[in-house]
Protein chains: 2
Amino acid sequence: MRIGAIEAGGTKFICGIGDEHGRIEDQISFPTGHPDQTMPQVIDYFRDKGAEAIGIGSFGPIDIRPDSPAYGYITTTPKPGWAHYDLLGTLKHAFPVPLGWDTDVNAAAYGEVKWGAAQGLSSCLYITVGTGIGVGVYTEGRLVHGLVHPEGGHVPTRRHPEDHYPGRCPYHGDCLEGMAAGPAIEARWGKKGHELPAGHQAWEIEAFYIAESVTQAVLLLSPEKVILGGGVMQQSQLFPLIREAVRRNLNGYVSSDAILTQMDEYIVAPGLGQQAGLCGALALGLAAIDKVQS
Amino acid sequence: MRIGAIEAGGTKFICGIGDEHGRIEDQISFPTGHPDQTMPQVIDYFRDKGAEAIGIGSFGPIDIRPDSPAYGYITTTPKPGWAHYDLLGTLKHAFPVPLGWDTDVNAAAYGEVKWGAAQGLSSCLYITVGTGIGVGVYTEGRLVHGLVHPEGGHVPTRRHPEDHYPGRCPYHGDCLEGMAAGPAIEARWGKKGHELPAGHQAWEIEAFYIAESVTQAVLLLSPEKVILGGGVMQQSQLFPLIREAVRRNLNGYVSSDAILTQMDEYIVAPGLGQQAGLCGALALGLAAIDKVQS
């Protein structure tokens, strides 16, 4: 099979073509411009690829309610041209094949369930920590949509007792994204994350905030796997710090071996690495075929 | 149809019999004693009722993983006799009919979806605030189980800036339950909740903590309805305070009319009132028949 995949990010688009086993055969990437410029690039890429379906994991907020008149649209975004843009409709017009459509982070969660660190599980949480923070949620064998879609990057958290940084989320100030996304690290310490040494206090504080949100999610949702991806999580010294903070937060309350004794396999990096988003989009495309046939 | 329902609480058991429309025809209640005493009472009640199925919503933690050797057990509890007790097996032995089994709060959430405030929706959050705090989660048309089951009563929250009460959760101190369950209200103010006047600062502080957990859940899960039940929520002055605090927390970020303009219908009391738990158990029994037939 030949399935198309689009990781539609606010900074760059990645388009690829792959098969039903999650193997990406070819991919390209270009910066996200105005849709009048970017969408023709997307369509050009797929024109001769013979995709039987295309899956899209998109930056948001987006409309993923199938019964909504704005289904397939990016809704409110400050990015020029993209607010109320019918991304799915534009693709459907160009390629009359089954299309899968979800948030970029739900796509990544789904990719990890199909072929990555959560393979075969019926639930997982995917958190990406980069320029922003996004959360994909998969429970009981399904991606969570609900009223809008998860926006777990903006949860309120307790503050680290030694951290006096005010936070930089324009909506919430010191929510998770305001305190722990890449730009918050840079603003707090005057240096980009990758310029700070592994032993710097920055990482203990960063781990604290991520662990707060993981703790909330573990208690509320009881996921079978917690996957942490994105640029900031390339700092692998964060993983043991986050696991330790989550363990301290839960304090033995959730009585599961996964948490009590196997935390190293419970909170993990994406099995698909940097390809989680693109493979997830591929998985959405594959699922769109199944949906049409059912 | 005649369906049995058991709301197995840590303080009392409620047993009832009803029909496929959620109508409870008869019910009794007795204090939760040692299982050797309580379970025969349960079995006696149902002996001549002709139940075609029985649903159980139970206090926990419980094992709800169908592939687990301890499926149907209450797992760890300080309640004498109930730790590692095979509640479901005991019932199955007495009544060879389809049995539904879930947490008390998942049952209540399910009852509300079937016949209450979340009727027809594919997602809802049910929070009960009483002697303890429990959270039931229904997403994408299914009750959430995952690794263990949701334990959302114990999420960490920010502290109210004027509240110096240390919290009374033996595991976490100032988690949601430690700060906002009935016993915390009594310990903080030296009076039971129902003895405090409606205008007392206690309610603004109580609303603050509940709103923290609702905000976390709205951002992480995007439920279509948030239902708040339990003894403490009988203080109806809490509802407008909670809605206002959630609105303030979200600050316009979640762009949905349900939240921006219809909060009064978004965060609500149980449509089934005090019967949410028992009706939910009934709904679990009904679903168990469907499961056997499918």
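The values are calculated or read from the model by the stated rules, or taken from the named source; none is laboratory data. In this text, all values refer to a predicted model and were calculated from it rather than measured experimentally. Glycine also receives a Cβ, built like all others from the backbone with ideal geometry; neighbour counts cover every protein chain displayed. We work out accessible area using only protein heavy atoms, side chains counted, and drop any ligands, DNA or RNA first. Shrake-Rupley method; radii C 1.70, N 1.55, O 1.52, S 1.80 Å.
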Of the conditions (1) over 18 Å from residue B:74 (Cβ atoms); (2) at pLDDT below 95, residue B:131 clears all except one; give me its number. (1)
When the stretch A:65-94 is checked residue by residue, the ones that are in contact (Cβ under 8 Å) with a residue 12 or more places away in the chain, farther than 23 Å from residue A:144 by Cβ and open to solvent by 30 Å² or more (accessible area, probe 1.4 Å) are A:79, A:80, A:81, A:84, A:85, A:86, A:90, A:92, A:94
Looking at the stretch B:238-250, can you tell me whether even one residue there is within 11 Å of chain A (Cβ to nearest Cβ), of a type outside the set (A, V, I, L, M) and at negative phi? yes
Determine if the stretch A:118-127 includes at least one residue that is under 21 Å from residue A:42 (Cβ atoms), open to solvent by 40 Å² or more (accessible area, probe 1.4 Å) and either under 20 Å from the mean Cα position of the chain (by Cα) or without any contact (Cβ under 8 Å) to a residue 40 or more places away in the chain (or both). no
Residue B:150 fails exactly one of (1) more than 14 Å from every other protein chain (Cβ to nearest Cβ); (2) under 24 Å from residue A:149 (Cα atoms), namely (1)
Looking at this structure, is residue B:287 within 14 Å of chain A (Cβ to nearest Cβ) and either of a type in the set (S, T, N, Q) or closer than 30 Å to residue A:83 by Cα (or both)? no
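Go through A:177, A:204, A:186 for me and flag whichever is within 13 Å of chain B (Cβ to nearest Cβ), open to solvent by 40 Å² or more (accessible area, probe 1.4 Å) and in a helix (DSSP H, G or I). Steps first, answer last, please.
Values: A:204 fails: within 13 Å of chain B (Cβ to nearest Cβ); A:186 fails: within 13 Å of chain B (Cβ to nearest Cβ).
Of the residues listed, the single one that is within 13 Å of chain B (Cβ to nearest Cβ), open to solvent by 40 Å² or more (accessible area, probe 1.4 Å) and in a helix (DSSP H, G or I) is A:177.
Residues are listed down the side, and each one gets a yes or a no for (1) of a type in the set (Ser, Thr, Tyr); (2) outside any loop (DSSP other than H, G, I, E, B):
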residue: A:66; (1), (2): no, no
residue: A:76; (1), (2): yes, no
residue: A:83; (1), (2): no, no
residue: A:92; (1), (2): no, yes
residue: A:96; (1), (2): no, no
residue: A:101; (1), (2): no, yes
residue: A:113; (1), (2): no, yes
residue: A:119; (1), (2): no, no
residue: A:136; (1), (2): no, yes
Given the conditions (1) in the same structural domain as residue B:146 (by TED's automatic domain parsing); (2) open to solvent by less than 40 Å² (accessible area, probe 1.4 Å), and given that residue B:54 satisfies all but one, which numbered condition is not satisfied? (1)
Every residue from the stretch A:33-51 that is in a loop (DSSP other than H, G, I, E, B), closer than 21 Å to residue A:80 by Cβ and without any contact (Cβ under 8 Å) to a residue 12 or more places away in the chain: A:33
Whether any residue in the stretch B:189-196 is of a type in the set (A, V, I, L, M), more than 29 Å from residue A:250 (Cβ to Cβ) and either free of Cβ contacts under 8 Å to residues at least 12 places away in the same chain or open to solvent by less than 10 Å² (accessible area, probe 1.4 Å) (or both) is what I want to check. yes
What about residue A:167, is it within 14 Å of chain B (Cβ to nearest Cβ), part of a loop (DSSP other than H, G, I, E, B) and over 30 Å from residue B:138 (Cα atoms)? yes
Which is hydroxyl-bearing (Ser, Thr, Tyr) and out of contact with any Phe, Trp or Tyr (no Cβ under 9 Å at 6 or more places or on another chain), of A:103, A:128? A:128
Which one is surrounded by the most Cβ atoms within 10 Å (Cβ to Cβ) among residues in the stretch A:128-147 that are of a type outside the set (A, V, I, L, M), within 8 Å of chain B (Cβ to nearest Cβ) and touching a residue at least 40 places away in the same chain (Cβ under 8 Å)? A:139
Please work out if residue A:105 is under 15 Å from the mean Cα position of the chain (by Cα) and away from chain B (no Cβ under 12 Å). no
List the number of the failed condition for residue B:165; all other conditions in (1) within 20 Å of the chain's Cα centre (by Cα); (2) without any contact (Cβ under 8 Å) to a residue 24 or more places away in the chain; (3) open to solvent by 10 Å² or more (accessible area, probe 1.4 Å) hold. (1)
Identify all residues within the stretch B:29-55 that are touching a helix residue (DSSP H, G or I) at 6+ places or on another chain (Cβ under 6 Å) and of a type in the set (A, V, I, L, M); write none if there are none. B:39, B:43, B:53, B:54
